[in-house]
2 protein chains.
Amino acid sequence: MEDRIQLGHGSGGIMTKELLDELIFEAFSNPYLDKKHDGSVVKLNGKMAISTDSFVVSPIFFKGGNIGDLAINGTVNDVAMCGAIPKFLTLSFIIEEGLLMEDFKRIIQSIKQAAALCKVEIITGDTKVVERGKGDKIFINTTGFGPMHSKADISIDRIKEGDKIIINGNIAQHGIAIMSQREGLTFESEIESDTTHLHELVEDLLDAFGEKIKLFRDPTRGGVASVLSEISGETSLGITLKENKLPIDKQVKAVCELLGLDPLYVANEGLFLAIVDPEIESAVLTLLRSKSKGKNSQTIGEFTKDHPHKVVMNSVIGGKRIVTPLLGEQLPRIC
Amino acid sequence: MEDRIQLGHGSGGIMTKELLDELIFEAFSNPYLDKKHDGSVVKLNGKMAISTDSFVVSPIFFKGGNIGDLAINGTVNDVAMCGAIPKFLTLSFIIEEGLLMEDFKRIIQSIKQAAALCKVEIITGDTKVVERGKGDKIFINTTGFGPMHSKADISIDRIKEGDKIIINGNIAQHGIAIMSQREGLTFESEIESDTTHLHELVEDLLDAFGEKIKLFRDPTRGGVASVLSEISGETSLGITLKENKLPIDKQVKAVCELLGLDPLYVANEGLFLAIVDPEIESAVLTLLRSKSKGKNSQTIGEFTKDHPHKVVMNSVIGGKRIVTPLLGEQLPRIC
């Protein structure tokens, strides 16, 4: 096979067929994909959650992951945030002419591994190639779907005063990993992206607590601040955050200070916020802390009638600060 | 609103929210999308067809359409080719910084109109922005799904010797429209892309003929030649094509000759091939020819045991020619 992706690999002719046969169908073989039709037929029953995301992260390889596993985990997590169990994914590539075949193969392998870990099947896909200088190595779209958890009753309308906001781990890891790599920063211990799948944790929570969980959201682009501002804007309530409860790695915090970044706005890929009834708060924390992906869980705030539509943070030094949503761009192409 | 798309529009912050609220949610408002969650929940029952495509066509505006309606029609047709009725679409943009807001608005409007004509709803989406020079104006991914037609039994394994290959209209329109525009060619009457949705025609055929229809395929990238080569390669049969039956517009044919392009390899966006039991051939043609999108329908060939895995064309001048699949790239970024 060629050393680099060529325009012909996107032609729909023999070169496309060879690329698909040797790399894609080989890696992801399953009864759906093996039909090699332009689409796939699956049996579905009941309420299904569906989510789509295009991934344009730069660089495509970074500490802790690459655009391939990110594209799987990211969409799997978006489906999970609806209260569903991801089952199937579609996979679509836009590749820049000249991408090293070696890099493409590495990405395919990461996708394969991530999909296996997530227990999702890739059932159909698409491959396009654009001329050199008209893309940036590779962009990946994944669309995921799966059945709603039978006990899920996820809706922003169900949030009430006093509901608690729980986060499952340390903030700002993904954004700082990408940023460090872009800026060529090196540290004693390398900071890794937190990209991972979260649907098993979500399933555990729904199994145990059902409708006592009001909402899940993953604080990716725009970070915790933007997601909470958005939620608060769509309810009639405000949010009170406790700065001293925000879990953050010391080194990540130091890098944020060095770069002048507020960690509250930095993207995460392995985190979710669960908005829960206060009566299950401590049981949720106990469950989460018993799992490796939840060991740093914290209640970081709660909903209040005091300041509708506003997120107010009680700072470590005793003051109060209004947390506004991100305006423009902090870190372009973070996911 | 700004005159051009900026990186901040992909930030996940306020600029993203404004863009979505003012353009996307406004245009596509429906109960699914209005929830503004990262995903959407729909009720589905039974066998569903699913297809995904990323559209990278250049130029983004062309005679007869633009990347917006192409992205809707293309995926709707891929779902229909499975024997299904498209119902829902996801919509994901990768926009290059600097895209004129005016152009983005035009594209959104085309998407809206095409989706309305197709009777599909856009239920969730994503918007990313990449830096100037790292993309090419706009790429669009759509993933579509819908329930299988109750009478459909679409499978390549069901094709038998003697089955007829019927096409619903003139070949090579889309590719030549794009190519003419790129090359700055002008003709007496402009050649338009044939981009359109085909699922209503597919539904009519399945209503009338059910399992007598063995396969649908749309000859997009790589044209009729590549699709037929692919099908023939996956069966134990060969295909005999009749050149004098291939419907083609005179002017399109002249341009193909001028540019040295074989119309059999040129992309189409408003065509499908139906492989049907010979006993329904004339009834299928009668039905198709009664519809505007099928008025130029023709039987262009049939399956044979004579030359397994080969497509052989009986030419107008009496000779025979083996039709090989497209090797590399004829027209990059045709869809």
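Here are the numbers:
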read-out: Estimated vicinal HN-Hα couplings, Hz - segment A:121-132 in sequence order (Karplus 6.51, -1.76, 1.60; Gly, Pro = x); value: 10, 8, 9, 7, x, 7, 9, 10, 10, 10, 5, 3
read-out: Packing-based order for A:66-76, A:44-54, using average beta carbon neighbours within 10 Å, highest first; value: A:66-76, A:44-54
read-out: Under 5 Å, built H, 5+ apart or other chain: amide partners of A:ALA84; value: A:HIS149
read-out: Segment A:80-118-segment A:296-312 distance, computed between alpha-carbon centres (Å); value: 35
read-out: Prolate/oblate/rounded label for the protein assembly as shown (Cα gyration tensor, a/c 1.5); value: prolate
read-out: Peptide A:120-126 - average C-beta neighbours from other chains (10 Å radius); value: 4
read-out: Size of charge dipole - segment A:7-147 - debye, nearest 20, with Cβ of Lys, Arg +1 and Asp, Glu -1, no other charges; value: 400
read-out: Fewest-first sequence of B:VAL56, A:VAL42, A:VAL284 by Cβ atoms within 10 Å of each Cβ; value: A:VAL42, A:VAL284, B:VAL56
read-out: Positive-end residue, chain A charge dipole about Cα centroid, Cβ charges, pick of A:PHE93, A:SER232, A:GLY74; value: A:SER232
read-out: Cβ-vector label at 7 Å, B:ASN314, separations to other copies in nm; value: 8.7
read-out: Value of [θ]222 nm, deg cm²/dmol, for chain A, DSSP H segments ≥ 4, -39500 (n - 2.57) each, nearest 500; value: -8500 deg cm²/dmol
read-out: Violating pairs (Cα-Cα greater than 18 angstrom) within the set A:LYS242/A:LYS320; A:LYS134/B:LYS128; A:LYS160/A:LYS295; A:LYS43/B:LYS151; A:LYS112/B:LYS47; A:LYS43/B:LYS43; value: A:LYS160/A:LYS295; A:LYS112/B:LYS47
read-out: Order of A:LEU89, A:LEU285 under a 10 Å beta carbon neighbour criterion, fewest first; value: A:LEU285, A:LEU89
read-out: At 7 Å out from Cα toward Cβ: B:LYS250 inter-copy label distances (nm, ascending); value: 8.4
read-out: Prolate/oblate/rounded label for segment B:188-335 (Cα gyration tensor, a/c 1.5); value: oblate
read-out: For A:LYS151, inter-copy label distances in nm, listed shortest first [label point 7 Å out on the Cα-Cβ vector]; value: 4.6
read-out: As computed over segment B:7-147, the Cα convex hull volume per residue (Å³); value: 101
read-out: Cα-based convex hull volume of segment B:78-215 per residue, rounded to whole Å³; value: 168
read-out: For A:ILE138, distant residues with modelled amide H under 5 Å away; value: A:GLU96
read-out: Average partner coverage of B:320-331, which counts Cβ from other chains inside 10 Å; value: 4
read-out: Shielding score for A:13-20, defined as the mean number of other chain Cβ atoms within 10 Å; value: 6
read-out: Size of electric dipole in chain B: Cβ of Lys, Arg +1 and of Asp, Glu -1, about Cα centre, debye, nearest 20; value: 600
read-out: Cα-centred dipole magnitude for segment A:238-307, charges only on beta-carbon of K, R (+1) and D, E (-1), debye, nearest 20; value: 320
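FYI, it's all coordinate maths here, none of it is from the lab. Only a predicted model underlies this, so the values are computations on that prediction, with no experimental measurement involved. With ideal geometry, Cβ positions are generated from the backbone for all residues, glycine too; neighbour counts draw on all protein chains shown.
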